[in-house]
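The values are calculated or read from the model by the stated rules, or taken from the named source; none is laboratory data. These numbers were taken from a predicted model, which means no experiment stands behind them. Cβ atoms come from the backbone with ideal geometry, glycine included; neighbour counts cover every protein chain shown.
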Amino acid sequence: MPPRLPRLVLFTGGPSCSLCEVAKADLAAVHRSTPFDLTLYDIRRPQNYDPSTLAESDRTVWRRLYQVSL
């Protein structure tokens, strides 16, 4: 069985989040030398809700923590 890759979830503020774009570029650079699975999760878009990855209550908690910073 091949080893599992680390999984990283990046909570983003969508396309208008310049800090998120910097983070994605930095993660892409790291990914070239250290593979990992990356999931982008836009906390501003409820249609991104995927019950297999996060519960609705988790999404709400993360949004409340970061919505002021975005």
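For this structure, a couple of remarks:
- Test result for Arg63, basic (Lys, Arg), modelled with pLDDT under 90 and assigned to a helix (DSSP H, G or I): yes
- For region 10-23, the set of residues classified as at pLDDT 85 or above and either in a helix (DSSP H, G or I) or exposed (fewer than 13 other Cβ atoms within 10 Å of the Cβ) (or both) consists of Ser18, Leu19, Cys20, Glu21, Val22, Ala23, listed by residue number.
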